[in-house]
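J.: Take a look at the following structure, please.
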(Lines give C-alpha, C1' and ligand atoms only; values in the text may rest on other atoms or scores of the structure.)
Protein backbone atom coordinates (compact mmCIF):
# COMPACT_ATOMS: atom_id res chain seq x y z
CA UNK A 1 0.00 0.00 0.00
CA UNK A 2 2.81 2.39 0.90
CA UNK A 3 4.48 1.74 -2.47
CA UNK A 4 1.26 2.51 -4.33
CA UNK A 5 0.76 5.76 -2.44
CA UNK A 6 4.35 6.76 -3.12
CA UNK A 7 3.90 6.08 -6.83
CA UNK A 8 0.76 8.21 -6.89
CA UNK A 9 2.53 11.07 -5.15
CA UNK A 10 5.48 10.79 -7.52
CA UNK A 11 3.10 10.91 -10.48
CA UNK A 12 1.50 14.07 -9.13
CA UNK A 13 4.88 15.71 -8.60
CA UNK A 14 6.03 14.76 -12.09
CA UNK A 15 3.16 16.79 -13.60
CA UNK A 16 3.98 20.09 -11.92
CA UNK A 17 5.09 21.62 -15.22
CA UNK A 18 1.52 21.47 -16.55
CA UNK A 19 -0.81 23.40 -14.17
CA UNK A 20 -4.03 22.09 -15.72
CA UNK A 21 -2.93 18.45 -15.51
CA UNK A 22 -1.58 18.99 -12.01
CA UNK A 23 -4.88 20.47 -10.77
CA UNK A 24 -6.92 17.71 -12.41
CA UNK A 25 -4.81 14.98 -10.80
CA UNK A 26 -4.95 16.85 -7.50
CA UNK A 27 -8.74 16.96 -7.80
CA UNK A 28 -8.88 13.18 -8.37
CA UNK A 29 -6.57 12.61 -5.41
CA UNK A 30 -8.87 14.67 -3.18
CA UNK A 31 -11.83 12.53 -4.21
CA UNK A 32 -9.87 9.33 -3.65
CA UNK A 33 -8.69 10.54 -0.24
CA UNK A 34 -12.31 11.03 0.78
CA UNK A 35 -13.35 7.55 -0.35
CA UNK A 36 -10.44 5.17 0.16
CA UNK A 37 -6.91 6.64 0.28
CA UNK A 38 -5.70 7.23 3.88
CA UNK A 39 -3.42 10.13 2.96
CA UNK A 40 -3.40 13.85 3.81
CA UNK A 41 -3.49 15.23 0.26
CA UNK A 42 -2.94 18.76 1.59
CA UNK A 43 0.78 18.18 0.99
CA UNK A 44 0.04 18.88 -2.68
CA UNK A 45 -0.83 22.47 -1.73
CA UNK A 46 2.87 23.06 -1.10
CA UNK A 47 4.03 21.55 -4.37
CA UNK A 48 3.87 23.59 -7.55
CA UNK A 49 4.05 27.06 -5.94
CA UNK A 50 3.60 28.61 -9.37
CA UNK A 51 -0.15 27.94 -9.22
CA UNK A 52 -2.17 30.68 -7.49
CA UNK A 53 -2.87 29.30 -3.99
CA UNK A 54 -6.62 30.16 -3.89
CA UNK A 55 -7.04 28.07 -7.05
CA UNK A 56 -5.48 25.06 -5.33
CA UNK A 57 -7.66 25.70 -2.28
CA UNK A 58 -10.76 25.76 -4.52
CA UNK A 59 -9.75 22.49 -6.18
CA UNK A 60 -9.20 20.93 -2.76
CA UNK A 61 -12.68 22.00 -1.69
CA UNK A 62 -14.27 20.70 -4.89
CA UNK A 63 -12.52 17.36 -4.48
CA UNK A 64 -13.59 17.05 -0.84
CA UNK A 65 -17.17 17.93 -1.70
CA UNK A 66 -17.32 15.48 -4.61
CA UNK A 67 -15.81 12.68 -2.52
CA UNK A 68 -18.31 13.41 0.25
CA UNK A 69 -21.19 12.93 -2.19
CA UNK A 70 -19.83 9.50 -3.11
CA UNK A 71 -19.39 8.51 0.54
CA UNK A 72 -22.91 9.76 1.29
CA UNK A 73 -24.35 7.26 -1.19
CA UNK A 74 -22.06 4.26 -0.57
CA UNK A 75 -23.87 2.87 2.54
CA UNK A 76 -27.24 3.25 0.80
CA UNK A 77 -26.03 1.53 -2.35
CA UNK A 78 -24.48 -1.34 -0.39
CA UNK A 79 -27.68 -1.76 1.60
CA UNK A 80 -29.76 -1.96 -1.58
CA UNK A 81 -27.38 -4.50 -3.10
CA UNK A 82 -27.55 -6.63 0.04
CA UNK A 83 -31.35 -6.54 -0.06
CA UNK A 84 -31.42 -7.59 -3.70
CA UNK A 85 -29.06 -10.48 -3.04
CA UNK A 86 -31.20 -11.58 -0.12
CA UNK A 87 -34.40 -11.40 -2.17
CA UNK A 88 -32.93 -13.42 -4.98
CA UNK A 89 -31.90 -16.07 -2.51
CA UNK A 90 -28.41 -16.18 -3.95
CA UNK A 91 -26.78 -16.82 -0.60
CA UNK A 92 -29.04 -19.78 0.10
CA UNK A 93 -28.29 -21.21 -3.33
CA UNK A 94 -24.56 -20.72 -2.83
CA UNK A 95 -24.68 -22.47 0.54
CA UNK A 96 -26.66 -25.39 -0.91
CA UNK A 97 -24.29 -25.82 -3.86
CA UNK A 98 -21.22 -25.64 -1.63
CA UNK A 99 -22.77 -28.16 0.74
CA UNK A 100 -23.63 -30.55 -2.09
CA UNK A 101 -20.12 -30.22 -3.50
CA UNK A 102 -18.55 -30.98 -0.14
CA UNK A 103 -20.15 -34.39 0.45
CA UNK A 104 -18.61 -36.25 -2.55
CA UNK A 105 -15.23 -35.07 -1.33
CA UNK A 106 -15.84 -36.48 2.11
CA UNK A 107 -15.98 -33.04 3.70
CA UNK A 108 -18.36 -31.72 6.26
CA UNK A 109 -20.77 -29.51 4.36
CA UNK A 110 -21.52 -27.46 7.45
CA UNK A 111 -17.84 -26.66 7.93
CA UNK A 112 -17.49 -25.65 4.30
CA UNK A 113 -20.46 -23.34 4.59
CA UNK A 114 -19.48 -21.78 7.89
CA UNK A 115 -17.24 -18.77 7.60
CA UNK A 116 -14.00 -19.00 9.54
CA UNK A 117 -13.73 -16.84 12.60
CA UNK A 118 -11.45 -13.84 12.42
CA UNK A 119 -9.27 -12.18 15.00
CA UNK A 120 -9.70 -8.80 13.34
CA UNK A 121 -11.24 -6.00 15.40
CA UNK A 122 -15.01 -6.21 15.39
CA UNK A 123 -17.37 -3.39 14.67
CA UNK A 124 -20.17 -2.14 16.84
CA UNK A 125 -23.80 -2.47 15.87
CA UNK A 126 -23.69 1.03 14.46
CA UNK A 127 -20.78 0.08 12.20
CA UNK A 128 -18.23 2.11 14.16
CA UNK A 129 -14.83 0.52 14.95
CA UNK A 130 -14.38 -0.60 18.56
CA UNK A 131 -10.61 -0.36 18.75
CA UNK A 132 -7.99 2.23 19.56
CA UNK A 133 -8.31 5.91 18.95
CA UNK A 134 -10.75 5.26 16.10
CA UNK A 135 -13.39 4.22 18.60
CA UNK A 136 -12.77 7.31 20.70
CA UNK A 137 -12.78 9.63 17.70
CA UNK A 138 -15.88 8.02 16.18
CA UNK A 139 -17.85 8.21 19.42
CA UNK A 140 -16.92 11.87 20.05
CA UNK A 141 -17.69 12.78 16.45
CA UNK A 142 -21.07 11.08 16.68
CA UNK A 143 -21.95 13.05 19.84
CA UNK A 144 -20.95 16.35 18.23
CA UNK A 145 -22.75 15.68 14.95
CA UNK A 146 -25.92 14.52 16.67
CA UNK A 147 -25.93 17.67 18.77
CA UNK A 148 -24.75 20.33 16.32
CA UNK A 149 -25.45 18.66 12.97
CA UNK A 150 -23.71 19.83 9.82
CA UNK A 151 -21.88 22.61 11.68
CA UNK A 152 -19.99 20.06 13.77
CA UNK A 153 -19.03 18.12 10.66
CA UNK A 154 -17.77 21.32 9.03
CA UNK A 155 -15.46 22.10 11.95
CA UNK A 156 -14.15 18.51 12.22
CA UNK A 157 -13.47 18.30 8.49
CA UNK A 158 -11.63 21.65 8.64
CA UNK A 159 -8.90 20.19 10.87
CA UNK A 160 -5.59 20.27 8.92
CA UNK A 161 -4.18 16.81 8.27
CA UNK A 162 -7.47 15.04 8.98
CA UNK A 163 -7.78 11.69 7.20
CA UNK A 164 -11.12 12.14 5.45
CA UNK A 165 -12.06 8.48 5.09
CA UNK A 166 -12.58 8.00 8.83
CA UNK A 167 -14.93 10.90 9.68
CA UNK A 168 -16.80 10.75 6.38
CA UNK A 169 -17.75 7.10 6.78
CA UNK A 170 -18.64 7.70 10.43
CA UNK A 171 -20.93 10.56 9.38
CA UNK A 172 -22.49 8.53 6.58
CA UNK A 173 -23.27 5.71 9.03
CA UNK A 174 -24.75 8.12 11.58
CA UNK A 175 -26.80 9.80 8.86
CA UNK A 176 -27.87 6.61 7.09
CA UNK A 177 -31.55 7.46 7.55
CA UNK A 178 -31.01 11.02 6.29
CA UNK A 179 -32.31 12.56 9.52
CA UNK A 180 -29.27 14.63 10.53
CA UNK A 181 -28.39 16.39 7.29
CA UNK A 182 -29.28 16.45 3.61
CA UNK A 183 -26.94 15.55 0.78
CA UNK A 184 -26.69 19.22 -0.15
CA UNK A 185 -25.63 20.22 3.36
CA UNK A 186 -23.22 17.27 3.52
CA UNK A 187 -21.54 18.26 0.25
CA UNK A 188 -21.45 22.02 0.93
CA UNK A 189 -19.98 21.49 4.41
CA UNK A 190 -17.17 19.37 3.01
CA UNK A 191 -16.55 21.78 0.14
CA UNK A 192 -16.23 24.75 2.50
CA UNK A 193 -14.24 22.71 5.01
CA UNK A 194 -11.75 21.78 2.28
CA UNK A 195 -11.20 25.44 1.38
CA UNK A 196 -11.02 26.40 5.05
CA UNK A 197 -8.47 23.66 5.71
CA UNK A 198 -6.29 24.89 2.86
CA UNK A 199 -6.18 28.45 4.18
CA UNK A 200 -5.59 27.25 7.75
CA UNK A 201 -2.54 25.35 6.49
CA UNK A 202 -1.43 28.45 4.59
CA UNK A 203 -1.76 30.60 7.72
CA UNK A 204 0.07 28.10 9.95
CA UNK A 205 2.95 27.73 7.50
CA UNK A 206 3.28 31.49 7.06
CA UNK A 207 3.17 32.11 10.83
CA UNK A 208 6.01 29.64 11.24
CA UNK A 209 8.01 31.64 8.73
CA UNK A 210 8.13 28.87 6.14
CA UNK A 211 7.50 30.54 2.79
CA UNK A 212 6.52 27.44 0.86
CA UNK A 213 3.73 28.77 -1.33
CA UNK A 214 5.72 31.06 -3.57
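J.: Does any residue of the stretch 180-198 turn out to be within 16 Å of the chain's Cα centre (by Cα), assigned to a helix (DSSP H, G or I) and surrounded by fewer than 16 Cβ atoms within 10 Å (Cβ to Cβ)?
T.: Yes: one or more hits.
J.: Of the conditions (1) assigned to a helix (DSSP H, G or I); (2) at pLDDT 80 or above, residue 8 clears all except one; give me its number.
T.: Condition (2) is where residue 8 drops out.
J.: So which residues in the stretch 35-69 are at pLDDT below 90, assigned to a helix (DSSP H, G or I) and either touching a strand residue (DSSP E or B) at 6+ places or on another chain (Cβ under 8 Å) or surrounded by fewer than 16 Cβ atoms within 10 Å (Cβ to Cβ) (or both), if there are any at all?
T.: 43
J.: Quick one: count up the residues across the stretch 142-166 that are within 15 Å of the chain's Cα centre (by Cα) and over 24 Å from residue 203 (Cβ atoms).
T.: 2
J.: Only one of (1) in contact with a helix residue (DSSP H, G or I) (Cβ under 9 Å, 6 or more places away or on another chain); (2) surrounded by fewer than 21 Cβ atoms within 10 Å (Cβ to Cβ); (3) outside any loop (DSSP other than H, G, I, E, B) fails for residue 135. Which number is that?
T.: Only one criterion in (1) in contact with a helix residue (DSSP H, G or I) (Cβ under 9 Å, 6 or more places away or on another chain); (2) surrounded by fewer than 21 Cβ atoms within 10 Å (Cβ to Cβ); (3) outside any loop (DSSP other than H, G, I, E, B) is unmet by residue 135, namely (1).
J.: May I ask you to list the residues in the stretch 158-175 that are in a loop (DSSP other than H, G, I, E, B) and more than 26 Å from residue 44 (Cα to Cα)?
T.: Of everything in the stretch 158-175, just one residue is in a loop (DSSP other than H, G, I, E, B) and more than 26 Å from residue 44 (Cα to Cα), namely 175.
The values are calculated or read from the model by the stated rules, or taken from the named source; none is laboratory data. Note that the structure is a prediction, hence the values are computed from the model and not measured. Please note: Cβ atoms are built from the backbone with ideal geometry, for glycine as well, and neighbour counts cover all protein chains shown.
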